[in-house]
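The values are calculated or read from the model by the stated rules, or taken from the named source; none is laboratory data. Note that the structure is predicted; figures quoted are calculated from it, not measured. For neighbour counting, all protein chains shown are included, and Cβ atoms are generated from backbone atoms with ideal geometry for every residue, glycine included. Remember, those area values only see protein heavy atoms, side chains included, never the ligands or the DNA or RNA. Shrake-Rupley method; radii C 1.70, N 1.55, O 1.52, S 1.80 Å.
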Amino acid sequence: MTTILRLDSSVRHNDSSQQSHHSISKQLGDVFIQTWLEHLPDTNIIHRDLSQNPPSFIRRLWQDRVLRA
């Protein structure tokens, strides 16, 4: 069985009500995984969102400042 490790690191989300704040890289990742699973549905997908569970050196204040840029 094939396993894919998907790592998201964008602090932007896809569920935001404002289109301008959507993460293009997460949208591309969603399309890739969806297309892959259509061809190989038995694939094991491991998804880690580093913006939701960031390494200790990334703080919320930093994320807020990045989004305002």
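Per-structure values
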item	result
Qualifying residues in region 45-63 (those that are over 17 Å from the mean Cα position of the chain (by Cα) and open to solvent by less than 100 Å² (accessible area, probe 1.4 Å)) - the one modelled with the lowest pLDDT	SER56
Some residue of region 21-40 being open to solvent by less than 60 Å² (accessible area, probe 1.4 Å), touching a helix residue (DSSP H, G or I) at 6+ places or on another chain (Cβ under 7 Å) and modelled with pLDDT of 90 or more	no
Restricting region 1-20 to residues that are part of a loop (DSSP other than H, G, I, E, B) and among the hydrophobic types (A, V, I, L, M, F, W, C), the residue that is modelled with the highest pLDDT	MET1
